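The values are calculated or read from the model by the stated rules, or taken from the named source; none is laboratory data. This one's a predicted model, so the numbers in the text were calculated from it and none came from an experiment. Glycine also receives a Cβ, built like all others from the backbone with ideal geometry; neighbour counts cover every protein chain displayed.
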Amino acid sequence: MEQPEPGTTASPLFDEVTGALEALTAVLREEEDFRILLRHVCLQVRHAVPGVDEASVTLVTGEEPHTASATSGVVAELDGDQYRIGDGPCLEAIRNGKIVRTPVSEAAARWPDFARGAEAAGFSSFLAAPLVADERFSGAVNCYGRLDGGFAEIEAQLLELYTAAVEAILRVYHRYLRARETAEHLRTALTSRAVIDQAKGMLMAIRQIDADDAFALLVEQSQRENVKLREVAERFVTRVISGGVLPR
């Protein structure tokens with residue numbers, strides 16, 4: 001994307017960021033794949049922030065950073081250079097929790113190996129913003145530009161605004177995933193309870209015993225065979241329905 005002309009007001013640029021966030025929110029409503037969601041984050045950053053030619057998202061799992069998504073393999077490799085070196089604009093943004101913006105001339109003095117590779121790939125400007133969705137992960141949004149001189153303050157502000165909103169969107173996404181996981185566990189638990197109750201009822205009717213004794217028989221067989229109680233109940237119900245042999 002071309003750099004804004006001198007005198008350009010911030011309003012159209014903030015409109016671009018607003019539009020990018022609306023597009024990302026629309027993706028969230030339709031897409032459940034986290035990798036695809038992060039891919040859209042990279043694409044929207046490149047669209048909304050002037051001077052960004054390529055972008056990537058770094059996530060830290062435990063203490064190990066990795067590139068979760070990138071607009072090109074070249075910048076994914078440059079991210080990897082930072083991980084191997086243990087330093088660079090991306091990792092500094094993560095460690096300090098602040099925007100990092102630097103031209104290649106300054107990067108060469110601080111991170112010579114990284115800067116050498118980036119310059120060879122045609123990049124002259126770097127901008128990174130910390131990204132913290134929740135307690136599960138931290139990371140950064142990384143921007144690479146080909147124009148000399150580094151990113152201006154307005155681009156840094158736009159990226160900070162965008163990433164702040166992305167953090168909120170990702171928190172919603174994670175809450176949704178946790179809620180879905182909880183619902184699935186509850187569904188499994190209810191299904192298990194239903195088949196166990198069904199097996200108990202059959203045992204009570206067939207053996208003329210009470211509910212506690214029927215449950216005890218199922219538990220004993222579960223322990224004897226070292227299988228889950230639900231599996232014992234399912235197998236028993238199937239055998240009874242098909243006229244098979246009852247468990248001893």
Given the criterion touching a residue at least 24 places away in the same chain (Cβ under 8 Å) and among the charged types (D, E, K, R), identify the matching residue among Arg95, Arg116, Arg46. Arg46
In the range 119-155, which residues are of a type outside the set (A, V, I, L, M, F, W, C), free of Cβ contacts under 8 Å to residues at least 60 places away in the same chain and surrounded by fewer than 18 Cβ atoms within 10 Å (Cβ to Cβ)? Glu119, Gly122, Asp134, Glu135, Arg136, Asp148, Gly149, Glu153
What do you reckon, is Asp53 surrounded by fewer than 18 Cβ atoms within 10 Å (Cβ to Cβ), acidic (Asp, Glu) and over 19 Å from the mean Cα position of the chain (by Cα)? no
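Residue-wise test of (1) surrounded by 13 or more Cβ atoms within 10 Å (Cβ to Cβ); (2) at pLDDT below 90; (3) not acidic (Asp, Glu).
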position: Val27; (1), (2), (3): yes, yes, yes
position: Val49; (1), (2), (3): yes, yes, yes
position: Arg84; (1), (2), (3): no, no, yes
position: Ile94; (1), (2), (3): yes, no, yes
position: Ala109; (1), (2), (3): no, no, yes
position: Asp113; (1), (2), (3): yes, no, no
Can we say Ile99 is farther than 24 Å from Gln157 by Cβ and either in contact with a helix residue (DSSP H, G or I) (Cβ under 8 Å, 6 or more places away or on another chain) or surrounded by fewer than 22 Cβ atoms within 10 Å (Cβ to Cβ) (or both)? no
Just for the range 192-219: of the residues that are outside any helix (DSSP H, G or I) and not hydrophobic (A, V, I, L, M, F, W, C), which one is surrounded by the most Cβ atoms within 10 Å (Cβ to Cβ)? Asp210
List every residue pair whose Cβ atoms lie under 7 Å apart, where the two residues are 6 or more positions apart in sequence or sit on different chains, the first residue falls within the range 156-184 and is at pLDDT below 80, and the second residue, located anywhere, is of a type in the set (Asp, Glu). Arg171/Asp134; His174/Asp134
Has the range 41-52 got at least one residue that is outside any helix (DSSP H, G or I) and either at positive phi or of a type outside the set (Val, Ile, Thr) (or both)? yes
